[in-house]
Amino acid sequence: VFIIGSFYRSEIIAQGKVIAKGGIKGGKIKAGRSIYSKYIDNANLEAGLDVIASEEIMNCDIKASGRVICITGKGGIIGGRVIAALQIIAKKLGAKSYTGTLLEAGVDPSIKLKLSELEKEKKTMDEKFDTLLTSLERIETEKKQQGLSPKKEKILKKMVAARMVYSKKLAFIEDKIKKLSI
């Protein structure tokens, strides 16, 4: 997508590159490759490769699977959140006015998101598994003390089977987390 002028509060989804000869002010851009612009202000950008601004990046939420570069002109990244899998390169970071500027480099944003989702799933599974184990322990204690009715025996068998399923699912999730964390 090639924009001769500036881009204002719109949404663009492109498989390839997005080039804004002017600037990007507001809006959302998702590019399969790189995003190029003179300046970027108050925008939400996601790039499959790099985000390159020749002047300035202000108050943006940027996720790049490559680099974020802003080194000509003012060359500053001020405010917002910038995440790049490889590097963040700029002349100036943050501002004297204490504008909150969060920078993360060296972590692929898509992997970070997947890890976060897996951690949430693991936490939910852990809670359910703990509840199952507590109930299972209670029924097994009851079986030892006084025996179980046929109905409770069926429940016990289902709970034992569920314990195996949860164990396998938890091991699978933990393995995925371990692989993504490397």
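What single numbered condition from (1) assigned to a helix (DSSP H, G or I); (2) at pLDDT 90 or above; (3) not β-branched (V, I, T) fails to hold for K114?
(2)
If we scan region 37-51, do we find a residue that is over 24 Å from F2 (Cβ atoms) and surrounded by 19 or more Cβ atoms within 10 Å (Cβ to Cβ)?
Checked against the condition, which is being over 24 Å from F2 (Cβ atoms) and surrounded by 19 or more Cβ atoms within 10 Å (Cβ to Cβ), region 37-51 yields no hits at all.
Is it the case, given these coordinates, that S97 is open to solvent by 70 Å² or more (accessible area, probe 1.4 Å) and small (G, A, S)?
So S97 passes the test.
So, of the residues in region 17-33 that are touching a Gly at 6+ places or on another chain (Cβ under 7 Å) and at pLDDT 95 or above, which turns out to be least open to solvent (accessible area, probe 1.4 Å)?
Ranking the candidates gives A31 first.
Residue check, T134 against (1) open to solvent by less than 70 Å² (accessible area, probe 1.4 Å); (2) out of contact with any helix residue (DSSP H, G or I) (no Cβ under 6 Å at 6 or more places or on another chain); (3) more than 30 Å from N42 (Cα to Cα); (4) not charged (D, E, K, R), all met but one. Which one?
(1)
The values are calculated or read from the model by the stated rules, or taken from the named source; none is laboratory data. Just so it is clear, the model here is predicted, and its values are computed rather than measured. Heads up, the Cβs are rebuilt from the backbone with ideal geometry, glycines too, and the neighbour counts pull from every protein chain shown. Surface areas here come from the heavy atoms of the whole protein model, side chains and all, with no ligands, DNA or RNA. Shrake-Rupley method; radii C 1.70, N 1.55, O 1.52, S 1.80 Å.
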